[in-house]
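Below is one structure, written out as structure tokens; the observations come after it.
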Amino acid sequence: MMGFDANQLLYEIRSWNIKNAVVLRTESILFCDTVRKYCERNACGYYGKNWSCPPGVGPLDVLRERANKYGQALLIQTLHTIKNSFDLDGMIAAKKGHDQIIRRVYGLAVEMGIGESLLLGAGFCDICDVCAYGEGKPCRFPDKALASLEAYGIDVVKLAKDCGIPYHHGTGTVSNVGLILFDRSFL
């Protein structure tokens, strides 16, 4: 197996439909209870109904510890056009497109030898039409389930700003952010 070449990964993904890709130290990511409190408001309708959302995803301190065992992260931002800020179908399609892209990036990173790592996506996991959480059963696809940055207590808008990239790109667009946390050095 070839060694992991991060520069090659960055080259490959920048030729895809990705707005921004930034490498950062995991220690620079702020985890906060406030973000998880937004989840409790249940605006998306998945709080308590999905293994990848609170409370099923686990307590914030456990998730923070899991994420902090990795030294580096690759932030991936996608940008999609929508009709307007009320275009729910467009936003859902953008999230699905984003999930496909970050899963593809992650697959390439694994092929390139990234090693032990953690993939976080945007919003709720939607692999299954109906999550097993609501049935009181274990996750059907734990290796494919995708928890969100917000479930981990990460303020996505602040994270993007801290990385020097805009989160909002103007009217008629929606951006989504994913993270791949890993130990391998990009240096």
What nm value, rounded to one decimal, do you get for the distance between Arg103 and Glu27 when each label is placed 7 Å out toward the C-beta? 3.5 nm
Evaluate the range 21-92: find the radius of gyration of its Cα atoms, find its Kirkwood radius, and give the ratio Rg to Rh. 1.03
Length gained if Arg66 through Ala132 is fully extended, taking 0.36 nm per residue and subtracting the Cα-Cα distance, is 21.5 nm
Loop sites in the range 60-126: GluC sites (Glu not before Pro), DSSP, at most 12 other Cβ within 10 Å: Glu116
Fewest-first ordering of Thr171, Thr26, Thr81 by Cβ atoms within 10 Å yields Thr171, Thr81, Thr26
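Under 8 Å for C-alpha pairs, at least 6 residues apart: give me the relative contact order for the chain, rounded to a whole percent.
Working: 307 pairs, mean separation 67.5, N = 187.
Reported as a whole number, the value is 36 percent.
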Residue-count net charge about Lys144 - beta-carbon cut-off 12 Å; Lys, Arg +1, Asp, Glu -1: -1
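If you take every DSSP beta bridge whose two residues both sit in the range 6-182, what share of them, in percent to the nearest 5, is antiparallel? Don't skip to the answer; put the middle values down first.
On the way: 21 of 22 bridges.
That works out to approximately 95 percent antiparallel.
Based only on Cα atoms, what Rg/Rh ratio does the range 6-182 have, Rh being taken as Kirkwood's radius?
With Rg and the Kirkwood Rh in hand, the quotient comes to 0.94.
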In the range 1-109, the trypsin sites (Lys or Arg not before Pro) that fall in loop regions by DSSP, at most 14 other Cβ within 10 Å: Arg41, Lys69, Lys83
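Summing +1 for each Lys or Arg and -1 for each Asp or Glu, what net charge is found among the other residues whose Cβ lies under 14 Å from the Cβ of Gln77?
Residues near Gln77 contribute +3 overall.
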Between the range 56-73 and the range 89-120, how many Å separate their Cα centres? 18 Å
Listed residues Gly164, Gly90, Gly71; largest mean-square fluctuation, Gaussian network over the chain with Cα springs below 10 Å, found at Gly164
Over what distance in Å are the Cα centres of the range 1-54 and the range 138-154 separated? 11 Å
Which helices count as membrane-span-like in the chain under these terms: full DSSP H, at least 27 Å along the axis by C-alpha, Kyte-Doolittle mean of -1.0 or more? 88-111
Exposure proxy ranking, count of Cβ atoms within 10 Å, fewest first, for Cys128, Cys163: Cys128, Cys163
How about the range 93-187: which chymotrypsin sites (Phe, Trp or Tyr not before Pro) there lie in a loop by DSSP and see at most 11 other Cβ atoms within 10 Å? none
Rounded to whole angstroms and listed largest first, the alpha-carbon spread of the range 59-132 along its three principal axes comes to 40, 31, 23
Using a Gaussian network for the chain with springs between C-alpha atoms less than 10 Å apart, which of these wobbles most: Asn20, Asn42, Asn68? Asn42
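Bear in mind that the values in this text are calculations on the coordinates, not laboratory data. Model, not experiment: these values are computed from the prediction. Every residue, glycine among them, receives a Cβ derived from its backbone with ideal geometry; neighbour counts consider all protein chains shown.
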